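Step one of this worksheet: look at the structure below.
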Amino acid sequence: MTTEFKRAVLPEELKRLIAFDHRVFSKADWFTKSDWEHYESYWMIVNGVTVGCCGFEHHVDFQDAQERENPPLRASLYISTTGILPRFQGKGFGRLLKSWQIAYARHHGFTRIVTNHRASNRQMIELNRKFGFRIIRRRKTIYYEDPEEPTVVMEMKLLK
């Protein structure tokens with residue numbers, strides 16, 4: 001199996017990122033065009049087929065899903081999205097992508113990774129736990145546009 005992580009080229013791949021987002025997530029969780037323009041995004045390509053995608057924001061802390069800008073925090077990497085196409089889910093690609101995200105953070109000198117998820121996204125929460133992430137807070141406020149869904153914020157501290 002040949003696996004490649006390739007940075008998405010903007011603006012050329014903006015429509016492709018949006019289409020990917022729509023295939024993986026529910027409408028309430030779709031990023032806007034400006035969100036994708038803001039994040040540093042990467043494709044996960046396995047044997048020449050795009051299987052997953054992720055997005056990062058460097059040197060920030062995640063605070064609240066309703067705020068459009070996260071506060072600066074040196075050496076903190078915010079993983080804004082992690083997605084695997086539905087037909088590839090449950091086959092270990094999420095673990096592979098998470099491993100790469102952590103390696104990326106270490107390689108670029110980050111000492112902390114933060115991410116957030118719907119409280120109902122048990123698979124992602126458990127995957128993060130397996131890699132050493134811990135829940136640092138649960139926000140009883142809404143998860144993006146869903147008034148019934150709390151947010152779980154997780155972090156992983158990396159050793160230098």
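Data for the structure
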item	result
Hey, residue 3 out of contact with any helix residue (DSSP H, G or I) (no Cβ under 6 Å at 6 or more places or on another chain), of a type in the set (S, T, N, Q) and closer than 30 Å to residue 159 by Cα or not	yes
Any chance residue 110 is assigned to a loop (DSSP other than H, G, I, E, B), under 21 Å from residue 8 (Cβ atoms) and either of a type in the set (Phe, Trp, Tyr) or modelled with pLDDT of 95 or more (or both)	yes
Odd one out for residue 66, checked against (1) modelled with pLDDT under 95; (2) open to solvent by less than 40 Å² (accessible area, probe 1.4 Å)	(2)
First in region 112-133 and free of Cβ contacts under 8 Å to residues at least 40 places away in the same chain, second anywhere and among the small types (Gly, Ala, Ser), Cβ under 9 Å, 6 or more apart	123/90; 123/94; 125/119; 127/94; 131/99
First in region 89-108 and on the phi > 0 side of the Ramachandran plot and open to solvent by 20 Å² or more (accessible area, probe 1.4 Å), second anywhere and modelled with pLDDT of 95 or more and outside any loop (DSSP other than H, G, I, E, B), Cβ under 9 Å, 6 or more apart	90/84
Check on residue 50, in contact (Cβ under 8 Å) with a residue 60 or more places away in the chain, open to solvent by less than 40 Å² (accessible area, probe 1.4 Å) and part of a strand (DSSP E or B)	no
Subset of region 1-35 that is modelled with pLDDT under 95 and buried (at least 16 other Cβ atoms within 10 Å of the Cβ) - its residue that is farthest from residue 105 (Cα to Cα)	29
Of residues in region 122-160 being at pLDDT 90 or above and open to solvent by 60 Å² or more (accessible area, probe 1.4 Å), the one nearest to residue 74 (Cα to Cα)	157
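The values are calculated or read from the model by the stated rules, or taken from the named source; none is laboratory data. These numbers come from a predicted model, not from an experiment. Every residue, glycine among them, receives a Cβ derived from its backbone with ideal geometry; neighbour counts consider all protein chains shown. In case anyone asks, the SASA skips ligands and DNA or RNA and just uses the protein heavy atoms, side chains included. Shrake-Rupley method; radii C 1.70, N 1.55, O 1.52, S 1.80 Å.
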